[in-house]
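Student: Can you keep this structure in mind? I'll have questions shortly.
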Amino acid sequence: VGRMAWGYLADRVRKNTPLLVVIGGISASCCLSFALIDADSPRVLPFLIAAVLGMSAIGWNGVFIAEVVRLGPPEMVGRLNGVSTFINFAGVLIGPVLFVQVYGLAGSYTATYGALALPALVGALGAGLAGLRGRHRRGGW
């Protein structure tokens, strides 16, 4: 659902880079929200946060690939798409292992989910910087 919703929104706003920054910010906010949940929080809250996190953290790929294709030189589109997809799925393989390692070190899901906000923020920052660089070259987002 998230991937389709983000794709629909990207088609409407036609500004994928700022949208990727927003998606990264939402993902990071959800991770930090998980870190702040305590026993007194409403029981439905983790489910709501998980739904929004799932739609953001998993739904960004299509928007990202479209932006890679849009920003890359036509003769490099296939190569850029392949490399970016390889890196993305390397994160899918490494991410759970790192999550378990952070949990093992921290001993707390609170700290682990708080730390999980960092990759989302780095991704949002990277998208923003790529957008600024592309905007500078093209004269607009």
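Student: Just to be sure, is Ser29 among the hydroxyl-bearing types (Ser, Thr, Tyr), surrounded by 12 or more Cβ atoms within 10 Å (Cβ to Cβ) and part of a loop (DSSP other than H, G, I, E, B)?
Tutor: On the way: among the hydroxyl-bearing types (Ser, Thr, Tyr): yes; surrounded by 12 or more Cβ atoms within 10 Å (Cβ to Cβ): yes; part of a loop (DSSP other than H, G, I, E, B): no.
No: the conditions fail for Ser29.
Student: If you scan region 64-80, which residues turn out to be open to solvent by 50 Å² or more (accessible area, probe 1.4 Å) and without any contact (Cβ under 8 Å) to a residue 24 or more places away in the chain?
Tutor: If the condition is that a residue be open to solvent by 50 Å² or more (accessible area, probe 1.4 Å) and without any contact (Cβ under 8 Å) to a residue 24 or more places away in the chain, then Ile65, Val69, Pro73, Pro74, Glu75, Met76, Gly78, Arg79, Leu80 are the ones that fit.
Student: Looking at (1) closer than 20 Å to Val1 by Cα; (2) open to solvent by 60 Å² or more (accessible area, probe 1.4 Å), can you tell me which one Leu129 breaks?
Tutor: (1)
Student: If you don't mind, there's one more thing I want to ask. Out of region 36-49, which residues are touching a Phe, Trp or Tyr at 6+ places or on another chain (Cβ under 8 Å) and surrounded by fewer than 17 Cβ atoms within 10 Å (Cβ to Cβ)? I'd like the intermediate steps shown before the answer.
Tutor: If we filter region 36-49 for residues that are touching a Phe, Trp or Tyr at 6+ places or on another chain (Cβ under 8 Å), which is where we start, we get 46, 49.
Listed by number, the list holds a single entry, Pro46.
Student: Find all pairs meeting these conditions: Cβ atoms under 7 angstrom apart; at least six residues apart or on different chains; first residue within region 39-59 and without any contact (Cβ under 8 Å) to a residue 40 or more places away in the chain; second residue open to solvent by 80 Å² or more (accessible area, probe 1.4 Å) and assigned to a loop (DSSP other than H, G, I, E, B).
Tutor: So the pair list comes out empty.
Student: Does Leu93 fit the bill of being exposed (fewer than 11 other Cβ atoms within 10 Å of the Cβ) and either under 18 Å from Leu36 (Cβ atoms) or free of Cβ contacts under 8 Å to residues at least 12 places away in the same chain (or both)?
Tutor: Numbers: exposed (fewer than 11 other Cβ atoms within 10 Å of the Cβ): yes; either under 18 Å from Leu36 (Cβ atoms) or free of Cβ contacts under 8 Å to residues at least 12 places away in the same chain (or both): yes.
Answer is yes for this residue.
Student: Of all residues in region 101-123 being over 17 Å from Ile26 (Cβ atoms) and open to solvent by 90 Å² or more (accessible area, probe 1.4 Å), which is modelled with the lowest pLDDT?
Tutor: Among residues in region 101-123 that are over 17 Å from Ile26 (Cβ atoms) and open to solvent by 90 Å² or more (accessible area, probe 1.4 Å), the one modelled with the lowest pLDDT is Tyr109.
Student: Give the number of residues within region 45-87 that are outside any helix (DSSP H, G or I) and hydrophobic (A, V, I, L, M, F, W, C). Steps first, answer last, please.
Tutor: Restricting attention to region 45-87, the residues satisfying the condition of being outside any helix (DSSP H, G or I) are 58-60, 72-73.
In the following step, the residues that additionally are hydrophobic (A, V, I, L, M, F, W, C) were identified as 58, 60.
Total satisfying the criteria: 2.
Student: Return the residues of region 95-124 that are outside any helix (DSSP H, G or I) and closer than 18 Å to Ala50 by Cα; say none if nothing qualifies.
Tutor: Of everything in region 95-124, just one residue is outside any helix (DSSP H, G or I) and closer than 18 Å to Ala50 by Cα, namely Ser108.
The values are calculated or read from the model by the stated rules, or taken from the named source; none is laboratory data. Being a predicted model, the structure only gives us computed values, none of them experimental. Every residue, glycine as well, gets a Cβ built from its backbone with ideal geometry; the counts of neighbours run over all protein chains shown. These accessible areas exclude ligands, DNA and RNA; they are computed on the full protein's heavy atoms, side chains included. Shrake-Rupley method; radii C 1.70, N 1.55, O 1.52, S 1.80 Å.
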